[in-house]
Amino acid sequence: MKTSKKRILAICASLLITFSCITANASDDPPKTLEEYCQTAPCRKNHSFKLKLEDGTYFEHSSELDPPAVQPAFILIFPGEELFIEATEGKDAPQDFKHVPENIHPEKTLVFKFTQSDDEKAGAGMFLNVHNPFSRDLRYHLAITPLGKEGLYKTSSCPVPAQMQAFEHWPYPVFQVAVADMHFLKKGDDMSCRE
């Protein structure tokens, strides 16, 4: 099953609403279309991926234009991607995010790897691996678009200990993950997984 043009437009429309909300304070005239947004942002071009469905068939996504990985308020990850996001260690949170093609500076590069299980017993489950290069524990919020739905839905997430990695899991296919509100935890802060 291929992504229909109508579905891509619906997903892009929901993302553009998010973009408009995010950029409303920064500009009096936020972008109205993905094409307009991509004139000033490094959008993904000719992007594609394939997901196994719970019934054993496959969903295919292929698009000439998809939003960039680094947004003003979140990082957007598609299945099959391994993103290297360089950042500086600010006082309370990572800042100055920059999507780079290689992990040349591991001491300041967040790594996000979003995959689907290739284990038959695991079905169509999805995994997000997050590596925190910084000297402090990192918490963030996650939102996902389950395959077959539109828009972003909050989901739980776990903190990533300093200079370690954490894994998130969903037992069904997920079209995209948005990582938002990354911030450092203080000593003694709650390390439980939560929404």
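The values are calculated or read from the model by the stated rules, or taken from the named source; none is laboratory data. Model, not experiment: these values are computed from the prediction. Neighbour counts run over all protein chains shown; Cβ positions are idealised from the backbone, glycine included.
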- prompt: In segment 127-142, which residues are in contact with a Ser or Thr (Cβ under 7 Å, 6 or more places away or on another chain) and touching a residue at least 40 places away in the same chain (Cβ under 8 Å)?
  reply: Phe127, Tyr140, His141
- prompt: Among the strands (runs of 3 or more DSSP E) confined wholly to segment 39-97, which include 1 or more residues that are charged (D, E, K, R)?
  reply: 44-52, 58-66, 82-89
- request: Restricting attention to segment 127-155, report how many residues are assigned to a loop (DSSP other than H, G, I, E, B) and within 12 Å of Val177 (Cα to Cα).
  value: 3
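Conditions (1) over 18 Å from Gln71 (Cα atoms); (2) out of contact with any helix residue (DSSP H, G or I) (no Cβ under 7 Å at 6 or more places or on another chain); (3) among the basic types (Lys, Arg), marked per residue:
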| residue | (1), (2), (3) |
| --- | --- |
| Ala93 | no, yes, no |
| Glu107 | yes, yes, no |
| Phe114 | no, yes, no |
| Asp119 | yes, yes, no |
| Met126 | yes, yes, no |
| Gly151 | no, no, no |
| Gln165 | yes, yes, no |
field: Top-ranked residue in segment 98-121 [being out of contact with any strand residue (DSSP E or B) (no Cβ under 8 Å at 6 or more places or on another chain) and part of a loop (DSSP other than H, G, I, E, B); ranked as nearest to Lys50 (Cα to Cα)]
entry: Asp118
- prompt: List the pairs whose first member sits in segment 49-66 and is over 15 Å from Tyr172 (Cα atoms) and charged (D, E, K, R), whose second member is modelled with pLDDT under 95 and surrounded by 15 or more Cβ atoms within 10 Å (Cβ to Cβ), and whose Cβ atoms are under 6 Å apart, counting only residues at least 6 apart or on separate chains?
  reply: Asp66/Arg44; Asp66/His47
- prompt: Does Ala124 qualify as being touching a Pro at 6+ places or on another chain (Cβ under 7 Å), surrounded by 12 or more Cβ atoms within 10 Å (Cβ to Cβ) and part of a loop (DSSP other than H, G, I, E, B)?
  reply: yes
